[in-house]
Amino acid sequence: MRPITWIDDFVSGSATGEEFGFTFGGLGAILYYEIGRGNRLSAHRRGLCVAPRMAKWTGKHGKGPAMTVRWESTQVDGNTMRIYVGVPDRPGPHPGIVIAQHAGGVDAQIQDGVHRLHREGYVVAAPELFHRQAADVDPSKRTSLLLDREIIADANATLAHLKTLRVQVAPLGIVGFCMGGRVSYLMACVQPAFKAAAVFYGGNIMKALGDGPSPFERSGGIACPLIGFFGAQDGNPSPDDVKKIDAELTRLGKPHEFHTYLGAGHAFQNFIAPERYRERAARASWHEMLAFFTEHLKRGGE
C-alpha cells in the first residue's frame, strides 16, 4: 500500500478509500466516502482540515462558524466511556443530538453521522456503548452482552457530558441505527430530556436486555415525537413488528410517523456494507430525519 502524501491524491481520485483511511485513520474513510462518491469537491471548497483525531470545518469557502469533531471521554459506573463529539465553535445555544451506535460500534458510519449532523448546526455526541467489554470479545456477541440498565446509564452519562461543554446545548434529540434504533426507542421511553427521537430499523424492541420491561413494554413513557425508518425486507424488525409497534403507539396516543422503504432490508443506511446499503432509501430517510429534527429541535415543534 503506497503512502498518501498530498490531499490532491484523494481529490483527484488517484487514492483509494482503503489507502486514504490507512493514512488518516477512520476519519479518512469517512472523507473518502463523503467526497469520493461522484462529489470530488476540493478540500478548500469543503473548508476541510484533516487530522487523525480531530477535524475542523470553517464553512463553505472558509466562511461561517468553525466546527470541530473530536473524541472525548467521561466516567460512567466507574468506567471510562469514549464519546465522539461534534461541537460548533459559537457559544450557542445549539440543539443537540445523541447518536446511538449500531452493532459495528462508533465506526465510519456513525462518525459520518456525527459529521453530517454537526454541519447542520447540532452539537452531536456518539457514545461507545461497548466500553464495559474486553477488547477481545467476539464482535458478533457484543450486542447480546448489553444490559438495558447499562445502556440507560451510558445515555444519561452522555447527556451529563454535554452539559460540561463550553456551549449551551438545548433542546435534545436522539437517533439510532440497528441496535441503536432500539436504544433510541428505549431512551424516548425513559428520558424526558429528549424532545424528539428517530429510530432506524431498531430490532428487538419487544425484547428486554436483562431485568425489567422491554422498550415496547415501556412505550407508555414516551414523551416526545418519534419517527421510524424501516426496510420492507427486514427480518428484525419485520414488517409485522413495525405494525405492532405502530398499533401500540397509536393506542397510547403517542405522536409518531413510520416510513417503510421497498427494496430495502436491514441497515440500508450502512454505506460500509455495500450489500445492505440502499442509496435511495438512505437519502430519502436522512432528509426526512433532518426535517423532523428541524421541526422539533430547531423550531420547537411549530
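The values are calculated or read from the model by the stated rules, or taken from the named source; none is laboratory data. Remember, it's a predicted structure, so these values are computed and weren't measured experimentally. Cβ atoms come from the backbone with ideal geometry, glycine included; neighbour counts cover every protein chain shown.
State whether one or more residues within the range 268-284 are at pLDDT 95 or above and more than 22 Å from His102 (Cβ to Cβ). No, the range 268-284 contains no residue that is at pLDDT 95 or above and more than 22 Å from His102 (Cβ to Cβ). Listed by position, the strands (runs of 3 or more DSSP E) contained in the range 71-189 that have at least 1 residues being of a type in the set (A, V, I, L, M), touching a residue at least 12 places away in the same chain (Cβ under 8 Å) and within 28 Å of Asp241 (Cβ to Cβ) are 94-100, 123-127, 169-177.
Residue-by-condition table, conditions (1) assigned by TED's automatic domain parsing to the domain that holds Val98; (2) surrounded by fewer than 14 Cβ atoms within 10 Å (Cβ to Cβ); (3) free of Cβ contacts under 8 Å to residues at least 24 places away in the same chain; (4) charged (D, E, K, R):
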| position | (1), (2), (3), (4) |
| --- | --- |
| Ala264 | yes, no, no, no |
| Ile272 | yes, no, no, no |
| Arg276 | yes, no, yes, yes |
| Glu279 | yes, yes, yes, yes |
| Phe292 | yes, no, no, no |
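Scan the range 204-219 for residues that are touching a helix residue (DSSP H, G or I) at 6+ places or on another chain (Cβ under 7 Å), of a type in the set (Gly, Ala, Ser) and assigned to a loop (DSSP other than H, G, I, E, B) and jot them down.
Once the filter is applied, which keeps residues that are touching a helix residue (DSSP H, G or I) at 6+ places or on another chain (Cβ under 7 Å), of a type in the set (Gly, Ala, Ser) and assigned to a loop (DSSP other than H, G, I, E, B), the range 204-219 yields Ala208, Gly210, Gly212.
The residues of the range 195-214 that are touching a residue at least 60 places away in the same chain (Cβ under 8 Å) and buried (at least 24 other Cβ atoms within 10 Å of the Cβ), listed by number, are Ala196, Ala198, Phe200, Tyr201.
Residues checked against (1) more than 14 Å from Ile83 (Cβ to Cβ); (2) modelled with pLDDT under 95; (3) not assigned by TED's automatic domain parsing to the domain that holds Pro237:
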{"site": "Val124", "(1), (2), (3)": "no, no, no"}
{"site": "Ala135", "(1), (2), (3)": "yes, yes, no"}
{"site": "Ser140", "(1), (2), (3)": "yes, yes, no"}
{"site": "Glu150", "(1), (2), (3)": "yes, no, no"}
{"site": "Ala153", "(1), (2), (3)": "no, no, no"}
{"site": "Thr158", "(1), (2), (3)": "no, no, no"}
{"site": "Arg166", "(1), (2), (3)": "yes, yes, no"}
{"site": "Ser184", "(1), (2), (3)": "yes, no, no"}
{"site": "Ala188", "(1), (2), (3)": "yes, no, no"}
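The set of residues from the range 222-255 being touching a residue at least 60 places away in the same chain (Cβ under 8 Å) and within 15 Å of Ala267 (Cα to Cα) comprises just one member, Phe229.
Scanning the range 217-250 for residues that are buried (at least 18 other Cβ atoms within 10 Å of the Cβ) and within 21 Å of the chain's Cα centre (by Cα) yields Ile222, Cys224, Pro225, Leu226, Ile227, Gly228, Phe229, Phe230, Gly231, Asp234, Pro237, Val242.
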